[in-house]
1. Return the distance in nm (one decimal) between the two label points of a simple spin-label model at residue 155 and residue 43, each offset 7 Å from Cα along Cα→Cβ.
2. So for the pair residue 130, residue 26, with labels modelled 7 Å out along Cα→Cβ, what separation do we get in nm?
3. Strictly over 24 Å apart at the Cα level, which of 106/156; 130/157; 106/143 would you flag in this model?
4. For the range 12-137, build the convex hull from the C-alpha positions and give me its volume per residue in Å³.
5. Could you give the distance between the Cα centres of the range 111-175 and the range 29-105, to the whole Å?
6. Tell me the Rg and the Dmax, in Å, that the Cα atoms of the range 76-126 produce.
7. Note down the accessible area of residue 91, probe 1.4 Å, to the nearest 10 Å².
8. As I understand it, the dipole of the range 120-167 uses +1 on the Cβ of Lys and Arg and -1 on the Cβ of Asp and Glu, about the Cα centre. Which of 166, 136, 149 lies farthest toward its positive end?
Amino acid sequence: MATPTARMTVVADKVSGSLGRPGTLWTLENAADVYSPYLLPVRDVLVLGAASGGIVAYGVKDGRRRWSAPRVVTKSGCLSLSDRLVVGTDSQGALRTYVPSTGEPKWTCPAAEAAQLLGADAESVYILTKDDRLRSVRRADAKVGWTATVPADFRKKVFAPAAVGPGRLVMGTTDGNFLAVDTSNGRMAWNRLAHVPIGLRPAGRPSAATPPTSAATPWTRCGSPTGSGSGASSPTGTSTGSAGDP
C-alpha cells in the first residue's frame, strides 16, 4: 500500500560564477520533519526525518528522492554503520538497517528494545532501552551483546549523540555531567560531574585510557568548546544480560 508523501519541490540551481560564492544546488520544500534530530549524510544520499513520518533519503547531487522507511521512529535518531548501512528503530524498539543507496532492508534486532540510538563503532550499535538501560547490539550477528544498568546519578538524563572511541562510549547528560562505559561489557569506566546548569555533549573520539583533560579531548556545550578538568574515575558499575538476552 502506498504511503502518503509530503509535497516536495526540487529546485536545481546553477553554481554561481563568482569565486568564493557557491550557489544552491537544490532545495526541498515541505519534505522534512521539523522535529527530526539531525541530518545524516551517508555516501551519496542525505537521510532525514520525513514530514510524512519515518525517514527518507535524497541524492546529495540532485535532491531526488531515493527511498523511504516509514516504520523508523525519527525522534530515536538514525546512524551510519561504516557508510555501509543506515540503522534506525521502529515503534516496538527493534533495530532496522537499510542499504544507503537503495533502502534495501538488511538485518533487524527485535530484542534491542531501543528508545534512543547513542552511537556505533565497527563492532556494535549502542542504545538506550525503553526502560533506560544501556545496551549493545552486535553488528556481526544482530544479537544483544550486553545490557548495563545506568548509574543512579545519570538515570533518565543521558541524551544523544554520544561519542564512541576505542573501548569507550562517552555520554553527556542534561545536567552537565559525563558518563563513560567500557564498550566490551557496559561497565562504567569513569564519570565526570561538571556541575553546570546545561546539557553537555561530548565531541571528538575518546580514548580508552583516562577521563578527558582540556588538552586532550574537546567537549561542547550547545556547540561551543568548553574546558574540562581531570574528572573523577569510578571503579563501580553494573552489567547484566548476555548475548541474545533481551
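1. Placing both labels 7 Å along Cα→Cβ, they lie 4.3 nm apart.
2. Output for this residue pair reads 3.7 nm.
3. 106/156
4. Working: hull volume 14.5 nm³, N = 126.
Per-residue hull volume (Cα only) is 115 Å³.
5. The two parts, judged by their Cα centres, are 20 Å apart.
6. Gyration radius and largest Cα-Cα distance of the range 76-126: 10.0, 27 Å.
7. Here the residue's solvent-accessible area equals roughly 80 Å².
8. Of 166, 136, 149, it is 149.
The values are calculated or read from the model by the stated rules, or taken from the named source; none is laboratory data. Owing to the predicted nature of the structure, the values given are computational and were not obtained by experimental measurement. Every residue, glycine among them, receives a Cβ derived from its backbone with ideal geometry; neighbour counts consider all protein chains shown. Ligands, DNA and RNA are excluded from the accessible area calculation, which covers all protein heavy atoms including side chains. Shrake-Rupley method; radii C 1.70, N 1.55, O 1.52, S 1.80 Å.
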